[in-house]
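Have a look at the structure below, then the notes.
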Amino acid sequence: MTSTMKAMPPVFRFAPSPNGHLHLGHAYSALLNFQRARETGGRLLLRIEDIDAARCRPEFEAAIYEDLAWLGMNWEIPVRRQSEHLADYRAALDKLSALGLVYPAFESRAEIARLVAAREADGPWPRDPDGAPLYPGDSGSRPADERARLMASGMPYALRLDMAAACRRVAGLTWNEFGERHDGERVAARPELWGDVILARKETPTSYHLSVVVDDALQGVSEIVRGQDLFHATSVHRLLQILLGLPEPAYRHHRLICDGEGRKLSKSSQSTGLRALRAAGVTPEGIRQLVGLG
C-alpha cells in the first residue's frame, strides 16, 4: 500500500529591524513576500531583527506592525524577535568554534582603519562586495593562551570566521536564484570575497550573517525574497548553511526602490517614509502604485 506525501506549503518571511520607520523600499519587499505567499498558497512570517540593542526601539517595532497592517498585510503569530533567541545563535557559534573556524579579534574599529591605511601605502587594500575593507589584522594567528588571556581580561573583541579554513571545507558552493537577473539559475557563491566576517561581538552575541541563517532554518523558511543589495551576502549565508548542516532555501533578490538620484532608500529619508506618505494622504493602493505593484 502506498501513500502520497502532501507537499508542504512554501514559507516566506519579512524581517525588518526596528531601528527606524519603514520606507517605500521596505513596503516593496514586504508586499512581494505577501504576494508570493498568496500566489503559492504559502505561509508568511514576520521576524523582528532586533539584535542591535543600541539602535532598536520598541516604538519602531510597534510602528512596523501598524504600517504593515495599514498596507493590508497579515502574518502568522507569534512573531519571532531575535533578542529572545540568543541561545540559538550561541549554539550555532559553538558548533563553528568546535570546528576550529572561529577566532577572537581584538582590534578596535579605529585600529582597523589605521591598519588599512598602512596597508594601502603599498597599493589598494581589498574590499568586500559592500565596499568595506577586508579585515587586515593578525588576531587569527595569536596563540590560544594569549587569546584566552585577552578575553579574560575584559578586552573588547569580535568573533570572526576563519574564511580560508571555512572555504577549504566546502567546494563548488552555489545557490538557486529566482531573481530578475538570474531566473532559476544556480549561482556560484564567492564567500572568500568577504574575508573574515564578524559572527559575534563581546557585547552582541550574534551578527546579521549568523542569526539570519539560523532563524531561516529554525522557522522553515523555504523561499527568501529580499533586496538586490543582499545578493552578494548570500555567498556567506550559503557557506554558513553548509558548515552548520542547515537546509538550503531558494533565493529571490528583487530590484531596489531608489530615490530621485538613484540612491538606495534609507530610514532617514522622510520623503519616502510610509508614515509621512500616509500623513500626506497616500493610500495603501497608492503605495503599491509607487513601488510598481499597482
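The values are calculated or read from the model by the stated rules, or taken from the named source; none is laboratory data. The shown structure was predicted, so the numbers you read here are calculated from the model rather than taken from an experiment. Quick reminder, even Gly has a Cβ in these numbers, built from the backbone with ideal geometry, and neighbours come from all protein chains shown.
Of all residues in the stretch 223-235, those being under 16 Å from residue 197 (Cα atoms), in contact with a Leu (Cβ under 8 Å, 6 or more places away or on another chain) and not small (Gly, Ala, Ser) number 1. Of all residues in the stretch 83-100, those being within 24 Å of residue 168 (Cβ to Cβ) and not in a helix (DSSP H, G or I) number 2.
Each residue in the stretch 30-59 was checked for being touching a Lys or Arg at 6+ places or on another chain (Cβ under 9 Å) and within 22 Å of residue 205 (Cβ to Cβ), and 4 of them qualify.
For residue 212, state whether it is of a type in the set (A, V, I, L, M), within 27 Å of residue 63 (Cα to Cα), buried (at least 17 other Cβ atoms within 10 Å of the Cβ) and assigned by TED's automatic domain parsing to the domain that holds residue 137. Criteria met by residue 212.
Return yes or no: is residue 256 closer than 30 Å to residue 97 by Cα and either surrounded by 12 or more Cβ atoms within 10 Å (Cβ to Cβ) or without any contact (Cβ under 8 Å) to a residue 60 or more places away in the chain (or both)? Against the criterion (closer than 30 Å to residue 97 by Cα and either surrounded by 12 or more Cβ atoms within 10 Å (Cβ to Cβ) or without any contact (Cβ under 8 Å) to a residue 60 or more places away in the chain (or both)), residue 256 does not qualify.
Report yes if some residue within the stretch 42-55 is over 26 Å from residue 250 (Cβ atoms), in contact with a His (Cβ under 6 Å, 6 or more places away or on another chain) and either outside any helix (DSSP H, G or I) or modelled with pLDDT of 95 or more (or both); otherwise report no. No, every residue in the stretch 42-55 fails to be over 26 Å from residue 250 (Cβ atoms), in contact with a His (Cβ under 6 Å, 6 or more places away or on another chain) and either outside any helix (DSSP H, G or I) or modelled with pLDDT of 95 or more (or both).
In the stretch 8-39, of all residues being part of a helix (DSSP H, G or I), over 15 Å from the mean Cα position of the chain (by Cα) and not hydrophobic (A, V, I, L, M, F, W, C), the one that is surrounded by the most Cβ atoms within 10 Å (Cβ to Cβ) corresponds to 33. Taken residue by residue, the stretch 101-111 has no member that is in a helix (DSSP H, G or I) and surrounded by 15 or more Cβ atoms within 10 Å (Cβ to Cβ).
So that you can scan it fast, the table gives a plain yes or no per residue for (1) without any contact (Cβ under 8 Å) to a residue 24 or more places away in the chain; (2) touching an Asp or Glu at 6+ places or on another chain (Cβ under 6 Å):
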position: 126; (1), (2): no, no
position: 135; (1), (2): no, yes
position: 139; (1), (2): no, no
position: 152; (1), (2): yes, no
position: 155; (1), (2): no, no
position: 175; (1), (2): no, no
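Given the condition in contact (Cβ under 8 Å) with a residue 40 or more places away in the chain and in contact with a Gly (Cβ under 8 Å, 6 or more places away or on another chain), answer yes or no: does some residue in the stretch 80-87 qualify? No, the conditions are met nowhere in the stretch 80-87.
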